[in-house]
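The values are calculated or read from the model by the stated rules, or taken from the named source; none is laboratory data. Everything numeric here is computed off the predicted structure, so don't read it as measured data. When we count neighbours, we look across all protein chains shown, and the Cβ atoms used for this are built from the backbone with ideal geometry, even at glycine. Note: areas computed on protein heavy atoms with side chains; ligands, DNA, RNA excluded. Shrake-Rupley method; radii C 1.70, N 1.55, O 1.52, S 1.80 Å.
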Amino acid sequence: MTVKNDRLELTKAIKFLNANDPRLICVNFDLTNCDDVKQFPSNHFSNSGDTTAVIRQTESEKRLSRELAMSRSLLMPSELRPFGSKAYDEIIGCGFLYPEKVATGFVNLINSSKVLNQVEKIQISNTYKNEPTVYHFAVNIALQLNESATRSYIKSHPNVVALDFARSRKFKTYSMEHFYGNKESGKALKGKVIILGVDQSVEYHLVPTAKGNKKMSTSEIFANIVCQLIE
């Protein structure tokens, strides 16, 4: 499902989805940066160059936060920084947008070292110190759909796996505008897993297929990963 990259548009989309009872809403949006962040010089150390950040929640962020909190089943994005370290943690972006105890999954994709913007692998999970294991965004979706098959895959594969685009998979793709304009019925969304992201022309990667590299949005990449885990 695609929507404009805008807080108010995302709020409107979440509200519409909540009204149509999907099985799971997966918010594949960059929520790393808050709208209103001001940097001020720190007074702790002279000539240190340190700054203090003051974050104010905007009205659009308040509305989005309220709508997300009303979702019955929700998956939101996080990051792991930096990849490859033995002591790296799950990073939540603009924290006040995340409802309490919401499920999160890191969205990191491992790119090719030879082809610019080509995705080759993903990391399935990460364990940081004594914290619970955290999983990739797509792995969390797969766990929701078929936990037994997903755990079997995790157990039988290394933690970093190559992406398999050998199979040609098709997914129903909608623009939120189609629903707002009554070109599609919201009833089609009942009981479905919805990956909500921006338009492919705005945000995409290259993936290797049998017919060569193909442009693909991260939402479609995640959907393919889910199938790879449970097929």
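For the chain, set up a GNM with springs between Cα atoms under 10 Å and report which of VAL107, VAL54, VAL119 has the largest fluctuation.
Comparing VAL107, VAL54, VAL119 in the GNM, the peak value goes to VAL54.
I'm spelling it out carefully: the read-out is Kirkwood radius over Cα pairs in Å, the candidates are (1) 19.2; (2) 18.2; (3) 17.4, and one was derived from this structure. Which label?
(1)
Would you calculate the separation in nanometres between label points at SER60 and GLU100, each defined as 7 Å from the Cα along the Cα-to-beta-carbon direction?
If labels sit at SER60 and GLU100, their model points lie 2.8 nm apart.
What percent does the relative contact order of the chain come to when contacts are Cα pairs within less than 8 Å and at least six residues apart?
So the answer I get is 26 percent.
With a 1.4 Å probe and every protein chain kept in, tell me what percent of the accessible surface of the chain is carbon plus sulfur.
The computed percentage sits at 49.
Considering only GLU100, GLU79, GLU90, give the residue with the highest GNM mean-square fluctuation for the chain, with springs between Cα atoms whenever their separation is below 10 Å.
Taking springs between Cα atoms under 10 Å, the residue moving most is GLU100.
If I model a spin label at ASN5 and LYS187 as a point 7 Å from the Cα along the Cα→Cβ vector, what separation in nanometres do I get?
With each label point 7 Å from Cα toward Cβ, the separation is 3.6 nm.
Counting heavy atoms of the protein chains only and a 1.4 Å probe, report the per residue accessible area for the chain as a whole number of Å².
On a per-residue basis, the chain sits at 58 Å².
Springs between alpha-carbon atoms under 10 Å, Gaussian network over the chain: tell me which of THR209, THR32, THR150 tops the mean-square fluctuations.
THR209
In debye, nearest 20, what is the charge dipole magnitude of the range 119-231 about its Cα centre with +1 on Lys and Arg Cβ and -1 on Asp and Glu Cβ, if you could check?
Roughly 320 debye for the range 119-231.
Any cysteines in the chain with zero other Cys Cβ atoms under 4.7 Å from their Cβ? List them, or say none.
Unpaired cysteines in the chain: CYS26, CYS227.
Between THR209 and ASN146, what is the label-to-label distance in nm when each label sits 7 Å out along the Cα-to-Cβ direction?
2.2 nm
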